[in-house]
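Reviewing the structure listed below.
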Amino acid sequence: MLGLLAVPLLAVMLAIGVPVAFSFALVTGFLALIYDANLNTLMMQGYRSLDSVVLLALPLFIFTGYLMERGGIARRIIEFVGRIATGRAGMGNVIVLSSAIFGAIAGTASAAVASMGTIMSQPMAERGYPRGYTAALLGVSSLLGILIPPSITMILFAVVTRQSVAACFAASIGPAIVLIIGLIIFNRITVARNPEILPPPRDDTRSFARVALSAAPALTLPFIILGGIYGGYVTPTEAAAVAAVVSIVLGLFVYRELKLRNLAEALVRTAETTGSIILILMFSFLISRIMASERVPQDLSEAVQGFAVSPIAAILLVNVVLIIAGALMDDVSCTVVVAPLFLPLMESSGVSPVQFASIVACSVVIGANSPPMAPILYMSCRVCRASVLEAVRPALLILTFVALPVMLLATFFPELSLALPRWAGLL
């Protein structure tokens with residue numbers, strides 16, 4: 001059980017600001033030292049573990065997210081949704097629905113925060129929305145990209161647990177729909193209790209037909225990606241390539257907002273992000289291999305079962321650990337290190353790996369917006385120019401009354417996660 005010290009060690013290094021990839025490398029060295037593992041053999045195994053076609057989807061979806069931000073695609077989606085979401089709660093609902101569409105194209109939260117925060121934060125402030133509430137709503141809503149396929153987190157989970165990527169994609173759609181409904185209801189209640197919030201301003205200079213026509217090319221992307229994957233026409237990796245190519249065409253030739261300079265910048269940022277994730281993934285494979293050879297997952301399962309008097313108690317305890325881990329580590333770290341440790345225990349408690357994928361995704365939504373780390377919430381505060389102290393309270397309310405119930409539903413109502421994969425013939 002000494003190997004379990006790797007988890008708090010990783011959390012401490014992340015908390016003091018050590019770069020994520022270096023933190024994983026140091027943890028790998030720590031485990032190799034205490035278990036006297038052969039580093040040369042481990043590095044060769046880690047390199048071979050990255051030889052996967054599925055992983056090619058990561059840089060392509062990340063690249064698509066940056067292209068949407070710079071090519072005018074995100075702005076037109078927001079304009080279109082803004083014409084549909086009316087009433088005093090309309091601007092808050094725009095953030096939720098746009099995040100859902102954004103997630104169905106790029107599968108990433110950071111690009112959604114950067115795009116929508118830049119466009120929406122100032123107009124919402126002018127209509128009476130507190131900046132802290134806007135940042136909190138944007139932070140939680142942007143994590144819909146974790147639940148709605150194509151999700152980078154689900155790709156990573158599928159790779160490290162050797163599950164079907166398409167099945168993990170489908171499993172998280174049910175919780176995503178429930179989360180969207182919950183966020184919209186929460187926003188409407190919040191707006192109803194705040195009389196200072198005004199309805200969104202009307203733009204009579206452009207008709208709805210013109211706005212819809214302008215957004216139509218951008219709105220075809222989710223249908224191309226999801227329809228191609230579940231229609232059996234393309235693999236997730238091929239869908240990612242198609243999404244990137246279509247985004248370039250839209251940005252350069254349809255909307256004409258994507259310049260060669262922006263394209264080069266998007267490529268550089270994609271390379272930086274992908275390089276970091278690949279290093280994390282490789283070291284996570286090494287950590288998992290060392291722990292598996294020393295029977296750490298089995299010992300952990302036995303320890304948790306010793307505390308839990310029933311399978312339900314064991315499942316609840318795993319949920320708590322996932323939330324705490326998500327609050328201390330980033331989503332990639334939680335997905336590729338912590339989640340696989342508990343997979344054997346969840347399977348022995350009657351939870352299928354595909355259902356566990358949706359539970360992990362829900363825990364990431366909570367953890368990424370929970371102090372002390374809260375990387376997405378802090379990023380949202382920077383983009384929305386809001387104080388972190390102002391955003392923490394509304395964020396915790398949203399997590400408590402919306403995100404946490406969704407996670408519990410995904411945990412104790414398996415059909416919410418498994419009905420769609422079964423219907424699609426993926427299970």
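Values quoted throughout were computed directly from the atomic coordinates according to the rules given, and no laboratory measurement underlies them. Values in this document were obtained by computation on a predicted structure and should not be read as measured data. Heads up, the Cβs are rebuilt from the backbone with ideal geometry, glycines too, and the neighbour counts pull from every protein chain shown.
Taking the Cα centre of the chain as origin and assigning +1 to Lys and Arg Cβ atoms and -1 to Asp and Glu Cβ atoms, the resulting dipole is close to 1200 debye. The C-alpha atoms of segment 30-78 occupy a region whose extents along the principal axes are 56, 23, 12 Å, arranged from largest to smallest.
Which values of log₁₀ I(q)/I(0), to two decimal places, follow from the Debye formula for segment 354-406 at q = 0.19, 0.22, 0.23, 0.28 Å⁻¹ with a uniform point scatterer at every Cα? Debye curve over Cα of segment 354-406, log10 I(q)/I(0) at q = 0.19, 0.22, 0.23, 0.28 Å⁻¹: -0.63, -0.79, -0.84, -1.08. Axis of helix 339-348 versus longest Cα principal axis of the chain: the two differ by about 70°, to the nearest ten degrees.
Using the Cβ-Cβ distance between LEU317 and TYR233 with R0 set to 45 Å, the FRET efficiency works out to roughly 0.60.
Taking Cβ atoms as reference points and 10 Å as the exclusive limit, the residues near GLY71 contribute a net charge of +3, counting Lys and Arg as +1 and Asp and Glu as -1.
Where is the GNM fluctuation largest for the chain (alpha-carbon springs, 10 angstrom cutoff): GLY117, GLY228, GLY174? Residue with maximal mean-square fluctuation among GLY117, GLY228, GLY174: GLY228. Each principal axis of the Cα cloud of segment 43-157 was evaluated for its coordinate range; sorted largest first, these ranges are 57, 25, 19 Å. Taking the C-alpha atoms only, the angle from helix 131-142 to the longest principal axis of the chain is near 60 degrees. Relative to the 2.2 N^0.38 Å rule of thumb, the chain has a C-alpha radius of gyration ratio of 0.96. Simple spin-label estimate for ILE181 and LEU267 gives 4.6 nm between the two label positions (7 Å along the Cα-to-Cβ direction from each Cα). Axis angle, to the nearest 10 degrees, between helix 311-328 and the longest C-alpha principal axis of the chain: 70 degrees.
Suppose R0 equals 45 Å. What FRET efficiency, 1/(1 + (r/R0)^6) with r the Cβ-Cβ distance, do ALA125 and TRP423 give to the nearest 0.05? Given R0 = 45 Å and the Cβ-Cβ separation, E is 0.55.
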